[in-house]
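> Please read through the structure below; I'll follow up with questions.
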Amino acid sequence: MSCDIYFPTQSENPCEPVLSHRQKTNPSTLADLTTIGVGGKMGNYIQAKSEEEIISHIRQADDAHIPFLMIGGGSNILPQDADFPGIVVRDTREDINVIEVSGCGGATFTATAGTSWDTLVARAVTEDWSGLEALSGIPGTVGAAPVQNIGAYGQEVASSIASVRVYDRAEKKTRSLSLSALKLGYRTSIIKDSIASFGPSPRYIVLSVEFQTFLSNLSNPIAYGQLADTLGVNIGDRIDNRRVREAVLELRTSKGMVINDDDRDSFSCGSFFTNPIISVEQAKTLPEKAPRYAVHDTTKYTLNRGAPTIEGIVKTSAAWLIQNAGFGRGYGHGEARLSSKHTLSITNRGHATGADIRALAREIQEGVRTVYGIDLHPEPVIIGGL
């Protein structure tokens, strides 16, 4: 950590966190626990209050060879309509522990997996723990952050994670995964990759996350054009963290990406498809107006230089592909429809089923593949497949 970037502030009011999940008091179905509102009854639902309790239920399920699902805010899961016969565990612990804060050392802190993600971001912005501000308003819990390497508006959590404490279901013990061991990439990690073999929850169950950030009231360099335009600044500028948080929440709200029971566009899994990463040669076959973004190696991030570009590949916009393949805002059938605010989110307008959501997703995949020859990959965990 550098000790020349600390700009002390006088915080008058702490930032208020926004809702990170939509859950009923006495849930009986996965529909009650997910932001998209689909899913059948649960065999056994537990609200765990300790790490020991979480591990006990994981071992119980694994030893009995029954399905196990660890759930946080339910914002990145698309369940089946059929009943889930296994054990569903929700981590109810919401603890943030400060390890060290100093002008030279920066801020080091941990958060339990059940902590609301935006509660952590709001605390970070209030305390001048710089580096999480552009991730404001993302629904879900801290435990999901490293699984997906969550990111938004030019910022990824990879740049702030030091290590992740997990329960390893294969080795049947707790362990710590360092930043390098996590293999964080664009919406992926070693944790997410293990879902294929251990699903619907991964081999590594996140128990807590340790973060390390710079101590500053200034944001990381603004790296996203729309955010820069909203703030009236230039790409690369660093401004007050609070202004960045306010602008990000404004942008997310305008897209229906902040949970709001009065906004049916927020009854979704967020961005349903990841932005395709394609070769430079494949990108040449796209129309000139198709977006092309550099792909960065976030494992080599530095504050002054950012993350280096990976040569030979580019990232294009899934939303642009969907829109230009003929699927506009609000497109769909019945109550399963694209958001009325943007085309990257599939929403439940009322009583859509998991099958309805899947059918629309497959239709969009096929349409984009036919027009552009690009496969769109779902971002949420699809229980039972698409």
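The values are calculated or read from the model by the stated rules, or taken from the named source; none is laboratory data. Here the structure is a predicted model, which is why all the values come from computation and not from measurement. Because the Cβ atoms are built from the backbone with ideal geometry, glycine has one as well, and the counts that use them run over all protein chains shown. Note: accessible area is taken over every heavy atom of the protein model, side chains too, but ligands, DNA and RNA are not part of it. Shrake-Rupley method; radii C 1.70, N 1.55, O 1.52, S 1.80 Å.
> What is the extension gain from Ile313 to Arg243, computed as 0.36 nm multiplied by their sequence separation minus the C-alpha to C-alpha distance, in nm to one decimal?
Details: separation 70, 0.36 × 70 = 25.20 nm, distance 3.29 nm.
Length gained between Ile313 and Arg243: 21.9 nm.
> Taking a probe of 1.4 Å, how large is the accessible area per residue of the chain, in Å²? Display every interim value, and only then the final one.
Numbers: 16640 Å² over 386 residues.
For the chain, the per-residue accessible area is 43 Å².
> What distance in nm lies between label points placed 7 Å from Cα along the C-beta direction at Glu100 and Glu281?
About 4.9 nm, to one decimal.
> Would you work out the charge dipole size for segment 70-148 about its Cα centre, treating the Cβ of every Lys and Arg as +1 and the Cβ of every Asp and Glu as -1, and quote it to the nearest 20 debye? Before the final figure, lay out each step's value.
On the way: 3 positive and 10 negative charges, 17 e Å.
Dipole about the Cα centre, nearest 20: 80 debye.
> Something else now. For segment 197-355, with all protein chains present and a 1.4 Å probe, just round the carbon and sulfur fraction of the accessible area to a whole percent. Spell out each step's value before the answer.
On the way: 3490 of 7320 Å².
So the carbon and sulfur contribution to the accessible surface is 48 percent.
> Now, a different point. How large, in percent, is the carbon and sulfur part of the accessible surface of segment 12-114 at a probe radius of 1.4 Å? Could you put the intermediate results ahead of the total?
Working: 2240 of 4740 Å².
The nonpolar share, carbon plus sulfur, comes to 47 percent.
> Residue by residue, what Karplus-based ³J(HN,Hα) values in Hz, rounded to whole numbers, does segment 153-161 have, using 6.51, -1.76 and 1.60 with θ = phi - 60° and x for Gly and Pro?
Taking θ as phi minus 60°, the curve returns 6, x, 10, 10, 5, 3, 6, 10, 7 Hz for segment 153-161.
> Another question about this same structure. With a 1.4 Å probe and all protein chains kept in place, how do Asp62, Asp262, Asp95 rank by accessible area, largest first?
On the way: Asp62 40, Asp262 145, Asp95 80 Å².
Correct descending sequence by accessible area is Asp262, Asp95, Asp62.
> When the chain is fully extended, how far beyond the present Cα-Cα distance does His65 get from Ala162, taking 0.36 nm per residue of separation? Please report the intermediate quantities before stating the final value.
Values: separation 97, 0.36 × 97 = 34.92 nm, distance 3.30 nm.
So the extension gain works out to 31.6 nm.
> Identify, among Leu386, His333, Ser345, the residue whose Cα sits farthest towards the positive end of the charge dipole of segment 285-386, taking +1 on the Cβ of Lys and Arg and -1 on the Cβ of Asp and Glu, with the dipole about the Cα centre.
Highest projection toward the positive end goes to Ser345.
> Let me ask something else. About its Cα centre, how strong a charge dipole does segment 183-324 have in debye, to the nearest 20, once Lys and Arg get +1 and Asp and Glu get -1 at the Cβ? Don't skip to the answer; put the middle values down first.
On the way: 17 positive and 15 negative charges, 73 e Å.
Computed charge dipole of segment 183-324: roughly 340 debye.
> Once you order the gyration tensor axes a ≥ b ≥ c over the Cα atoms, which shape class does segment 42-132 get: rounded for a/c under 1.5, otherwise prolate or oblate by comparing a/b with b/c?
Details: a/c = 3.70, a/b = 2.19, b/c = 1.69.
It comes out prolate by the Cα gyration axes.
> Moving on to the next point. Going highest first, how would you order 27-33, 100-106 by mean Cβ packing within 10 Å?
Values: 27-33: 20.4, 100-106: 14.0.
Descending packing order for the listed peptides: 27-33, 100-106.
> Okay, moving on. Which of rounded, prolate or oblate describes segment 168-280 when judged by the alpha-carbon gyration tensor and an a/c cut-off of 1.5? Each step should come with its number before you reach the end.
On the way: a/c = 1.96, a/b = 1.51, b/c = 1.30.
The shape class here is prolate.
> Moving to a separate point now. Work out the FRET efficiency for Glu366 and Thr25 from their Cβ-Cβ distance, taking R0 = 45 Å, and round it to the nearest 0.05. It would help to have the intermediate numbers written out before the result.
Values: r = 40 Å, r/R0 = 0.89.
Efficiency, from the Cβ-Cβ distance: 0.65.
> Please list, in order along segment 312-324, the HN-Hα scalar couplings obtained from phi with the Karplus expression 6.51 cos²θ - 1.76 cosθ + 1.60 (θ = phi - 60°), rounded to whole Hz, x for Gly and Pro.
Once rounded to whole Hz, the list reads x, 9, 9, 10, 10, 8, 4, 4, 5, 4, 4, 4, 7.
> Note the full-extension length gain between Glu52 and Ser176 as 0.36 nm times their separation in residues minus their Cα-Cα distance, in nm to one decimal. Walk me through the numbers before you get to the answer.
Numbers: separation 124, 0.36 × 124 = 44.64 nm, distance 1.61 nm.
Contour length minus Cα-Cα distance gives 43.0 nm.
> Taking H as built 1.01 Å from N, whose amide H comes closer than 5 Å to the amide H of Arg337, not counting residues under 5 places away?
Thr347, Arg349
> Just the projected area, averaged over all directions, of the convex hull on the alpha carbon atoms of the chain: how many nm²? Present the calculation step by step, with values, prior to reporting the outcome.
On the way: hull surface 73.4 nm².
One quarter of the hull surface, i.e. the mean projection, equals 18.4 nm².
> Another one. Report the charge-dipole magnitude of the chain in Debye, nearest 20, computed about the Cα centre from +1 at each Lys and Arg Cβ and -1 at each Asp and Glu Cβ. Before the final figure, lay out each step's value.
Values: 37 positive and 43 negative charges, 149 e Å.
Around 720 debye, computed over the chain.
> Based on the Cβ-Cβ distance from Glu288 to Asn260, what FRET efficiency comes out when R0 is 35 Å, to the nearest 0.05?
Details: r = 37 Å, r/R0 = 1.06.
With R0 = 35 Å, the Cβ-Cβ based efficiency is 0.40.
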